[in-house]
Amino acid sequence: MPLIPKAVDATPQGHADAVAWQKEMQEAFRNLGALLRYLDLDPALAPEGILPDPAFPLLTPKSFASRMAKGDWRDPLLLQILPLARENAAASGFRDDAVGDLASQIVPGLLHKYASRALLMVSHQCAVHCRYCFRREFPYGDLPRGQAGWDQAWSYLETAEGLDEIVLSGGDPLFLDNRRLERILEKAASLPHIHTIRFHTRLPIVLPSRIEPGLLSLLRKTADRKTLVVVVHANHGAEIGPECAQALKDLREAGALLLNQAVLLAGINDDADVLADLSRTLVRCGVIPYYLHQLDRVTGTAHFEVDEARGRGLIEALRGKLPGYAIPRYVRETAGEAYKTPLSA
Ligand SMILES: *Cc1c(COP(=O)(O)O)cnc(C)c1O
Ligand code: SF4
């Protein structure tokens with residue numbers, strides 16, 4: 001059973017400008033009926049069974065929902081967050097820990113799978129619950145609590161051989177308030193052998209108000225000391241509204257190198273024109289398309305899977321449409337491998 005919390009305990013803390021996004025989270029959609037009403041969708045007309053109260057609960061900020069088309073059950077943003085009865089269908093080959101994260105957890109909260117970079121799961125919360133999430137079954141309840149809980153992870157990072165990059169992930173690392181984030185960034189930036197600090201975050205896309213002046217000043221300070229990389233996560237061009245474009249511009253001006261990772265998702269972006277449009281929109285916002293991930297085979301996500309041969313065909317089709325820098329690397333994560341496996345040349 002996933003231990004992802006039912007509600008977000010977005011306790012407003014810190015300075016006034018940090019509160020706006022937390023307030024937005026308190027008003028996020030957690031209720032199916034309210035979301036469907038907002039989108040002018042009649043549940044009686046749903047094209048397929050919907051899960052009213054799934055263990056991995058419905059969650060989306062209004063900001064993300066506002067970019068969904070009204071009255072469209074097939075909207076590519078809605079399909080990413082709508083809990084469907086199909087999630088409960090048995091699917092062979094789909095497991096809770098499909099990518100071997102539990103085995104690579106060196107100390108609680110720290111994954112060290114790849115030689116030069118280690119990943120800290122600094123937050124167990126996200127602003128949105130993506131139904132295809134590769135960590136939807138991750139036992140976040142076991143993550144360290146409080147500063148003392150993280151001591152073990154930091155001692156590991158201080159002494160691990162060959163490490164020069166720390167990836168802040170989760171959950172979503174930007175879901176932490178600025179005070180907690182500052183402590184982590186200070187600590188990471190104080191390690192002499194760490195040259196790069198990287199965020200894996202979906203907040204600039206789903207909750208762009210998170211990119212507020214307090215956060216930007218923390219990031220600017222970090223970028224003065226280390227290479228700062230921010231990997232965002234958008235799967236479809238329609239996710240990137242004007243407020244997101246502004247947030248991305250602000251992140252760039254704060255000194256971050258911006259990359260995007262997307263997941264190849266059936267019925268959402270498994271189309272060459274949709275992927276080309278996503279890449280063009282990203283590049284216009286100063287974001288290089290980094291990865292297109294083959295879906296991790298996590299329990300409850302089988303209906304999102306796109307066949308690898310089709311995925312390779314889509315990448316081929318992109319090559320005819322886009323400059324080389326706008327073609328994402330199509331990769332799959334295989335438990336136990338030293339890097340993400342390239343699926344196309
Ligand atoms: C994906 C991933 C990374 C980052 O991999 P890159 O190929 O450097 O982007 C790091 N650690 C873990 C555990 C990962 O899953
Ligand atoms: S934002 Fe990322 S970690 Fe959070 S639910 Fe979506 S895919 Fe999973």
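Rule-based calculations on the coordinates, nothing more; no lab input. None of these values were measured; they are calculated from a predicted model. Here the Cβ positions follow ideal geometry from the backbone for every residue, glycine too, while neighbour counts run over all protein chains shown.
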* **Likely footprinting exposure, Arg30, Arg145, fewest C-beta neighbours within 10 Å first** => Arg145, Arg30
* Evaluate the relative contact order of the chain (contact order divided by residue number), counting alpha-carbon pairs under 8 angstrom at least 6 apart; express in whole percent. => 17 percent
* Structure fact -> The FRET efficiency for Ala20 and Arg329, from their Cβ-Cβ distance with R0 = 51 Å and rounded to 0.05, is 0.90
* To do: Sticking to Cα atoms, compute the Rg of region 16-88 to one decimal and its Dmax as the biggest Cα-Cα distance, whole number, in Å.
  => 13.0, 44
* Any idea what the dipole of the chain comes to, in debye rounded to 20, about its Cα centre with Lys/Arg Cβ at +1 and Asp/Glu Cβ at -1? -> 520 debye
* Compute the whole-percent fraction of alpha carbon pairs in region 210-345 spaced more than 18 Å apart. => 57 percent
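Compute the length gained on full extension between Arg319 and Glu186: take 0.36 nm times their separation in residues and subtract their Cα-Cα distance, giving the result in nm to one decimal. Could the numbers behind the result be given before it?
Numbers: separation 133, 0.36 × 133 = 47.88 nm, distance 4.12 nm.
Taking 0.36 nm per residue and subtracting the Cα distance, the gain is 43.8 nm.
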* Estimated [θ] at 222 nm from DSSP helical runs (n ≥ 4, -39500 (n - 2.57)) normalised by residues in the chain, nearest 500 -> -8500 deg cm²/dmol
* **Which of Val231, Phe175, Pro57, positive extreme of dipole for the chain (C-beta unit charges)** => Val231
* Net dipole in debye of region 16-88 [+1 Lys, Arg Cβ; -1 Asp, Glu Cβ; about Cα centre; nearest 20] -> 60 debye
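Among Glu239, Glu212, Glu161, which comes first, second and so on when ranked by fewest other beta-carbon atoms within 10 Å?
So the residues, fewest neighbours to most, are Glu161, Glu212, Glu239.
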* Asked: Using alpha-carbon pairs under 8 Å, 6+ residues apart, how would you state the relative contact order of region 16-88 in percent?
  -> 36 percent
* **Cα centroid separation, region 248-277 to region 297-323 (Å)** => 15 Å
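Based only on Cα atoms, what Rg/Rh ratio does the chain have, Rh being taken as Kirkwood's radius?
0.94
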* **Rg(Cα) / (2.2 N^0.38 Å) computed for region 95-166, rounded to two decimals** => 1.15
* **Dipole in debye (nearest 20) - region 247-314, about Cα centre, beta carbon charges: Lys, Arg +1; Asp, Glu -1** => 240 debye
